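Report on the following structure.
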Ligand SMILES: [Zn+2]
């Protein structure tokens, strides 16, 4: 197989590998197939293909490869938009990954990586969503440990869909709306703390955007039985929708969804937390096979999300988040669930995987014992 890929910098990478037992693959003319005698002739010194990266957490394959492939598509779109600096950063994002591996279980743990932290980077957003989930889970655990009477309620606050051009103004309106909502007399009376995250989805059929907030709010369990404190959300008397409408100064009734998790057990709580702390934008919404479409959406989202606070904490949850340094967008995208650490004393190897731009996968390139 020939891999002649020009990257953003105009460099060219050629890789000639063969898999043990498989037909030798090598450099060849474009019209020839890999594995033919022709290929063999031109690749007499083909070397065995190095080990591909397999990283599993609780039996689930971690999506390093698909995420990296999409960062490359994103980089190309940014390049098209003339954002060459950003495109370059995204292109090289997580090009090298350094893991330790438990010799007993073979489980890997990421130790080093060069994440680019660009707002739309597919790889960085994946890491950030996992990190935000763990941080919010931790904040909630501490909050409920310190005050067992706290109960979470989950809100989704939407506005009507808008065009890409109107997205920045719609987000301005929603962010001001959120600030007013949290300052609203009734909300202040009911809520002890909150976490909110922005999500923007894209509708391909209608070519419009659907921005909405996911929020987790904590209330005292007496909230549900105290008149004048409890905020109704029945269809015929939806106080939450009314407050959201007036806060955003809308001339229509916005769609809202409010759920209380009264019969709490950890699993269910976690599921809701995961829903609140998910991606701001799903890569499937903005990375398409159709390159022109990708360029268009990347342009609209890039402008609209520039310098926005994608998530924020308030009240008692903010105090805890500050205490554990989770109140800002995570800087560390390497260490995730540190509660399930492997025994460091038996992991004594650093294994380096590098992204191969031609073969489009991570391959083991080096190992260090320490
Ligand atoms: Zn990145």
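The values are calculated or read from the model by the stated rules, or taken from the named source; none is laboratory data. Model, not experiment: these values are computed from the prediction. Every residue, glycine among them, receives a Cβ derived from its backbone with ideal geometry; neighbour counts consider all protein chains shown.
On the basis of being touching a residue at least 12 places away in the same chain (Cβ under 8 Å), more than 30 Å from residue 350 (Cβ to Cβ) and not in a strand (DSSP E or B), does residue 160 make the cut? Can you show your working first?
On the way: touching a residue at least 12 places away in the same chain (Cβ under 8 Å): yes; more than 30 Å from residue 350 (Cβ to Cβ): yes; not in a strand (DSSP E or B): yes.
Yes: the conditions hold for residue 160.
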Candidates 131, 189, 206, filtered to the one that is in a helix (DSSP H, G or I) and either surrounded by fewer than 21 Cβ atoms within 10 Å (Cβ to Cβ) or in contact with a helix residue (DSSP H, G or I) (Cβ under 9 Å, 6 or more places away or on another chain) (or both): 189
query: Within the range 92-102, can one find any residue that is buried (at least 19 other Cβ atoms within 10 Å of the Cβ), assigned to a loop (DSSP other than H, G, I, E, B) and more than 16 Å from the ligand (Cβ to nearest atom)?
result: no
- line: Selection from the range 101-157 of residues within 23 Å of the chain's Cα centre (by Cα), without any contact (Cβ under 8 Å) to a residue 60 or more places away in the chain and over 25 Å from residue 65 (Cα atoms) yields 141
task: Identify, by number, the condition in (1) away from the ligand (no atom under 16 Å from the Cβ); (2) in the same structural domain as residue 273 (by TED's automatic domain parsing); (3) buried (at least 21 other Cβ atoms within 10 Å of the Cβ) that residue 108 doesn't meet.
output: (2)
query: Going through the range 229-254 one residue at a time, which ones are within 12 Å of residue 158 (Cα to Cα) and assigned to a loop (DSSP other than H, G, I, E, B)?
result: 250, 252, 253, 254
- prompt: Of the numbered conditions (1) buried (at least 16 other Cβ atoms within 10 Å of the Cβ); (2) more than 17 Å from residue 310 (Cα to Cα), residue 200 satisfies every one except a single condition; which is it?
  reply: (2)
query: Which one is farthest from residue 75 (Cα to Cα) among residues in the range 111-128 that are more than 8 Å from the ligand (Cβ to nearest atom) and part of a loop (DSSP other than H, G, I, E, B)?
result: 114
